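See below for the structure under consideration.
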Amino acid sequence: MIVAMQDRATEEEIQAVVERMMEIGFNVHRTTGTVQTILAGVGTPGAFDHKEFEVLAGVAEVIRISSPYKLAGRSFRPEGTVVRFPNGVRVGGDEVIVMAGPCSVESREQIFACAGLVKAAGAKFLRGGAFKPRSSPYSFQGLGLDALRLLREAGDAHGLLIVSEVMEISQIEQMMPFVDLFQVGARNMQNFNLLRELGDVRRPVLLKRGIAATIEELLLSAEYLLAGGNYDVILCERGIRTFETYTRNTMDISAIPVVKKLSHLPIVGDPSHGTGRRDKVPAMARATIAAGGDGLLIEVHPNPDKALSDGAQSLFPEQFAELMDALRIIAPAVGRTLQPS
């Protein structure tokens, strides 16, 4: 149930509604927008009449929610969520935010070179894997904690935020000093124990859609994070498994406007994993922004042909710079901005 308070509702009126919702068995999540306060009641309360809440002082509207995701739904924050970072970067605002870097951190020289080139092109985040979930146990698995230290050093040297993937609960604490944004990969989208723990962490989370997940399943996974009190969630469309074999995955561009309608959470696109082919990444990146995406997660490597992981889908530096220039033309056409490098 969603209770929308009047824009002039007093704090006493709001607290009275919260207390009544809790009395009948709801867990209450409060969000204050630019106009009004929204109270979301989740859980399995006993029988109640929602009309009882309509007559309480300060209440503007009461909405019975039938969808299984209560907090991730658009009605919880009709104006949309903007995830803010300490340096002023905002994901979900007017500006398109680009996160770029290698699939995995391979060396100090490599990650510092990546940081310099993505910063010069206009990226705001440096991405890079420290713990790599690979389909084969014989593939490069990442440098672990050493990679996180290198990411932080390179990010600080070039004024970039850091996003890296967390694979299990035990990694959360050791990653906290190094990352600004936790990434939950497609393989872990339904790792509900991990999501519960990240819901208790007050650090933004980028949640990737699972390899064969529906949009509803993606939003339900986000619900785990929100239910824990972590409202700084960014969704990511990274392609799904279909019968097509030409590309690594099928980039579902249509998911972006669908999510925008169903949810208040910002969504970015990952055309690198979405296609698995370097020559297709720019087209899907442009399409993501044209479809309303709030940003992009792109793999870039100084020398992709010698990358230890996912070189075939990583852009060369000059390709990335050209793509950023193209996005600066597209963004204003859809009411967004992309700052010059």
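Please go through the stretch 165-193 and pick out each residue that is of a type in the set (A, V, I, L, M) and surrounded by fewer than 16 Cβ atoms within 10 Å (Cβ to Cβ). Within the stretch 165-193, 169, 176 meet the criteria. Every listed requirement among (1) of a type outside the set (D, E, K, R); (2) within 29 Å of the chain's Cα centre (by Cα); (3) modelled with pLDDT of 90 or more is met by residue 36 save one, (3).
Only one of 247, 242 is surrounded by fewer than 23 Cβ atoms within 10 Å (Cβ to Cβ), without any contact (Cβ under 8 Å) to a residue 12 or more places away in the chain and under 19 Å from residue 271 (Cβ atoms). Can you tell me which? Matching residue, one of 247, 242: 242. A single entry from 253, 298, 289 fulfils the requirement of being part of a strand (DSSP E or B), within 19 Å of the chain's Cα centre (by Cα) and of a type in the set (Val, Ile, Thr): 298. Candidates 11, 61: the one that is out of contact with any Gly (no Cβ under 6 Å at 6 or more places or on another chain) and without any contact (Cβ under 8 Å) to a residue 40 or more places away in the chain is 11. Residues that are more than 21 Å from residue 186 (Cβ to Cβ), touching a helix residue (DSSP H, G or I) at 6+ places or on another chain (Cβ under 7 Å) and surrounded by 17 or more Cβ atoms within 10 Å (Cβ to Cβ) within the stretch 152-164 comprise 154, 155, 158, 160, 161, listed in sequence order.
Among the residues making up the stretch 329-338, those that are surrounded by 17 or more Cβ atoms within 10 Å (Cβ to Cβ) and part of a helix (DSSP H, G or I) are 330, 331. The C-beta contact set for the stretch 39-52 (first residue part of a strand (DSSP E or B), second residue among the basic types (Lys, Arg), distance under 7 angstrom, 6+ apart or interchain) comprises 39/30; 40/70; 42/70. Can you pull out the residues in the stretch 165-189 that are more than 14 Å from the chain's Cα centre (by Cα), part of a loop (DSSP other than H, G, I, E, B) and more than 14 Å from residue 127 (Cα to Cα)? Selection gives 167, 168, 169, 176, 177. Considering (1) touching a Pro at 6+ places or on another chain (Cβ under 7 Å); (2) free of Cβ contacts under 8 Å to residues at least 40 places away in the same chain, the lone condition that residue 109 does not fulfil carries the number (1).
The values are calculated or read from the model by the stated rules, or taken from the named source; none is laboratory data. These numbers were taken from a predicted model, which means no experiment stands behind them. Methodologically, a virtual Cβ is constructed for each residue, glycine included, from the backbone with ideal geometry; neighbour enumeration extends over all protein chains shown.
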